[in-house]
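See below for the structure under consideration.
The values are calculated or read from the model by the stated rules, or taken from the named source; none is laboratory data. Quantities reported herein were computed from a predicted structural model and do not represent experimental measurements. Counting neighbours? That spans all protein chains shown, and the Cβs are built from the backbone with ideal geometry, glycine included. Surface accessibility is based on the protein's heavy atoms, side chains included, excluding ligands, DNA and RNA. Shrake-Rupley method; radii C 1.70, N 1.55, O 1.52, S 1.80 Å.
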Amino acid sequence: MSGSGSQLDTVRVNGKTQVIVLMAWPSTHVRTPAFFNRLCAENGINAVMVPWAVRPENLQGAWDGLRYVENLAGVVLTIPHKTNAASLCDTLEEDAAILNVVNTVRRNEDGTYTGRMYDGRGFVEGMLNHDIVLEGKRVLLIGAGGAAAAIGLSLARQGVKELTIANRSTEKSRKLSQLVGQAMPQVSTKPGSSDPRGHDVVINATSLGLKPDDALPCDVSLLERGTVVADVVMQPPVTAFLSAAKEHGARIHTGEKMVTTQLQLFVDFLLDGGRRGQ
Ligand SMILES: NC(=O)c1ccc[n+]([C@@H]2O[C@H](COP(=O)([O-])OP(=O)(O)OC[C@H]3O[C@@H](n4cnc5c(N)ncnc54)[C@H](OP(=O)(O)O)[C@@H]3O)[C@@H](O)[C@H]2O)c1
């Protein structure tokens with residue numbers, strides 16, 4: 001193999017290397033291992049993340065086998081495994097305990113699994129790291145799936161003033177706004193339409209935008225100048241929604257930042273800040 005200058009050249013593996021498995025189906029589109037392995041290589045952290053393509057019906061089999069792998073630091077989960085993996089964890093913490101969804105699971109020394117959900121925290125911290133103020137803002141969250149639920153909770157925790165949740169299946173947006181309202185009663189949370197008028201921040205937390213012929217999540221011609229428009233979809237890096245919003249004078253925030261912000265959370269939780277594997 002040549003591979004000179006490739007990403008793999010920067011990953012050093014030895015007998016103490018901690019392994020993190022990223023489970024997805026399909027897995028061909030995943031980019032998190034490349035980002036994570038670069039971070040580890042740059043910071044001398046002895047860990048590697050590898051993608052595992054696991055069909056939904058085989059999740060339990062793959063999961064049970066991993067319990068016996070002593071140098072497994074943990075498992076990172078993406079579509080379609082986040083909900084089913086939560087039911088396979090021994091303990092759920094933080095947002096995962098409220099939502100019953102996980103994206104980061106630590107394998108403890110005794111082979112038990114502790115699950116957390118970092119999508120919300122990753123998204124919100126990504127915005128704050130880019131000087132986007134959320135406190136006191138009126139936010140429109142489009143979507144009510146796993147990512148949207150975690151983002152909704154984190155936005156409420158961050159002190160937004162109003163949170164409107166719009167979703168194709170309106171029953172789900174009603175339930176999510178009830179759940180966020182119960183967890184954070186000080187924030188005015190309601191289900192609503194995807195009309196972006198009257199909002200300071202508009203977030204696409206649906207999977208719309210992954211496919212080239214997808215509709216836009218809302219009518220961008222109604223966007224008010226200066227609105228912050230964010231997307232969770234990270235492929236393409238600038239989605240059709242973000243480019244149209246930019247043309248209408250919005251400040252845009254890409255989906256990639258949600259995952260890059262989570263890399264340090266993975267290191268802290270799964271690798272004890274990098275000490276595991278030293
Ligand atoms: N950047 C990151 O780090 C990151 C992290 C996590 C997730 N994501 C991305 O976030 C997106 C959502 O993930 P998820 O885990 O929340 O998935 P999910 O639980 O399956 O939820 C999908 C959401 O998209 C909506 N949706 C799907 N197709 C639609 C359509 N044709 N028209 C209108 N709404 C539609 C669904 O509405 P219904 O409820 O009506 O079906 C639901 O609100 C995915 O694209 C994923 O790649 C990105």
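For the pair V69 and A34, what calculated FRET efficiency results from E = 1/(1 + (r/R0)^6), where r is the Cβ-Cβ distance and R0 = 22 Å, to the nearest 0.05? Working from the Cβ atoms, E equals 0.45.
Among A150, A205, A97, the largest mean-square fluctuation in a Gaussian network model of the chain (Cα springs under 10 Å) belongs to A97. If you plug the beta carbon distance of E42 and A97 into 1/(1 + (r/R0)^6) with R0 = 25 Å, you get a FRET efficiency near 0.15.
GNM on the chain, alpha-carbon springs under 10 angstrom: the most fluctuating residue among A215, A47, A34 is A215.
In the range 126-203, Rg over Rh equals 0.93, where Rg is the alpha-carbon radius of gyration and Rh the Kirkwood radius from pairwise Cα distances. Note on the range 120-258: percent of Cα-Cα distances in each 5 Å bin, starting at 0 and stopping at the bin with the largest distance, equals 2, 12, 23, 26, 22, 12, 3, 0.
Note: relative contact order over the chain, using C-alpha pairs below 8 Å and six or more positions apart, is 15 percent.
Each Lys and Arg adds +1 at its Cβ and each Asp and Glu adds -1 at its Cβ; summed about the Cα centre, the range 7-117 shows a dipole of about 320 debye.
Tell me the net charge near N103. Cut-off is 10 Å between Cβ atoms, N103 excluded, with +1 for each Lys or Arg and -1 for each Asp or Glu. Don't skip to the end; give the middle numbers.
Working: positive: K82, R116; negative: D95, D119.
Here the charged neighbours net out to 0.
Pairwise Cα separations in the range 7-117 fall into 10 Å bins from 0 onward with the following percentages, short to long: 15, 45, 35, 6, 0.
How far, in nm, would the chain grow between Q186 and N58 when pulled straight, counting 0.36 nm per residue and subtracting the alpha carbon separation?
Numbers: separation 128, 0.36 × 128 = 46.08 nm, distance 4.18 nm.
Contour length minus the Cα-Cα distance gives 41.9 nm.
Accessible surface computed residue by residue for the chain, with neighbouring protein chains in place and a 1.4 Å probe, gives 47 Å² per residue. Using a probe radius of 1.4 angstrom, the carbon and sulfur fraction of the accessible surface of the range 7-117 is 51%. Each label was represented as a point 7 Å from its Cα along the Cα-to-Cβ direction; for E135 and Q178 these points are 3.2 nm apart.
Kindly provide the helix-only [θ] at 222 nm of the chain, computed as the sum of -39,500 (n - 2.57) over DSSP H runs of four or more divided by all residues, to the nearest 500 deg cm²/dmol? Let's see the in-between values first.
Values: 9 runs with 91 residues, N = 278.
It comes out at -9500 deg cm²/dmol, rounded to the nearest 500.
Need the full-extension length gain, T83 to D213, defined as separation in residues times 0.36 nm minus the C-alpha distance. One decimal, nm.
Working: separation 130, 0.36 × 130 = 46.80 nm, distance 2.75 nm.
Gain on stretching T83 to D213: 44.0 nm.
What does the net charge come to around R121 if you take all other residues with beta carbon closer than 11 Å to its beta carbon, with K and R at +1 and D and E at -1?
Net of charged neighbours comes to -2.
Ratio of Rg to Rh for the chain: 0.98 [Cα atoms; Kirkwood radius as inverse mean 1/r over pairs].
Carbon-plus-sulfur accessible fraction, the range 170-211 (probe radius 1.4 Å, protein heavy atoms only): 53%. Please give the helix 146-157 orientation as an angle from the longest Cα principal axis of the chain, in degrees from 0 to 90, rounded to the nearest 10. Its long axis makes an angle of about 70 degrees. For the chain, a Gaussian network of Cα nodes joined below 10 Å ranks N58, N84, N100 by mean-square fluctuation, and the top entry is N58.
The residues packed around V180, meaning those with a beta-carbon under 12 Å from its beta-carbon, carry a net charge of +2 if Lys and Arg are +1 and Asp and Glu are -1.
When the GluC sites (Glu not before Pro) in the range 32-88 are filtered for DSSP coil states and for at most 14 other beta-carbon atoms within 10 Å of their beta-carbon, the remaining sites are E70.
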